[in-house]
1. Test P101 against the stated conditions and say whether it is of a type outside the set (D, E, K, R) and either under 20 Å from T150 (Cβ atoms) or in contact with a Leu (Cβ under 7 Å, 6 or more places away or on another chain) (or both).
2. Within the set of pairs 6 or more residues apart or between chains, which connect a residue that is without any contact (Cβ under 8 Å) to a residue 24 or more places away in the chain inside the range 33-55 to a residue that is charged (D, E, K, R) with Cβ atoms less than 8 Å apart?
3. Would you pick out the residues in the range 123-146 that are in contact (Cβ under 8 Å) with a residue 40 or more places away in the chain, within 20 Å of C20 (Cα to Cα) and either crowded, with 19+ Cβ neighbours inside 10 Å or not hydrophobic (A, V, I, L, M, F, W, C) (or both)?
4. Only one of these is in a helix (DSSP H, G or I), buried (at least 19 other Cβ atoms within 10 Å of the Cβ) and modelled with pLDDT of 95 or more: F94, F72. Name it.
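The values are calculated or read from the model by the stated rules, or taken from the named source; none is laboratory data. Given the structure is predicted, the values throughout are model-derived calculations rather than measurements. Quick reminder, even Gly has a Cβ in these numbers, built from the backbone with ideal geometry, and neighbours come from all protein chains shown.
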Amino acid sequence: MFEGKTLTLSKNSNGIAEMCFSSQDSVNKLDIATIQEIKQAVDLLETDSSVRGLLLSSGKSAFIVGADINEFTQLFNGPEQALYDGVQEVHGLFNRLEDLPFPKVAAINGFALGGGFELALTAEFRICADVAALGFPEVKLGIIPGYGGTVRAPRVMGCD
């Protein structure tokens, strides 16, 4: 279906699609290139009526370790509107992923941090390996999970 530099989207004969993150870097990050490829994959998934389910997976030892800090620093040093627009774009993309009309499962084999955890929360089901670690480390920097995690996490875990 689609092969990029950070992810591959494939579909088996039963109509189950797999979005496998496998960056050319040592870990999967939620950088601009990955976000653009997720958008391309979601565009394809929205138009393929033969898809019956989606598996989100990683070809690395971690699922997605979060945002690319170098790119994020550039955003924070730029115009406020650019930061706002970038966050809104990814938030909207994650909403589109969540709204796909078939079940989604995130297979979390390691770290799913920040935006990686937010991405996993777009799935109806999350299956974690024993070594999986989930979290929003950005809150220690005074940054909120801006891609919908503050809404999705309490829906899954509860508010207590």
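1. Numbers: of a type outside the set (D, E, K, R): yes; either under 20 Å from T150 (Cβ atoms) or in contact with a Leu (Cβ under 7 Å, 6 or more places away or on another chain) (or both): no.
Considered against the rule, which asks whether it is of a type outside the set (D, E, K, R) and either under 20 Å from T150 (Cβ atoms) or in contact with a Leu (Cβ under 7 Å, 6 or more places away or on another chain) (or both), P101 comes out as no.
2. Qualifying pairs under 8 Å: none.
3. Result: A123, single match.
4. Just one listed residue meets the conditions, F94.
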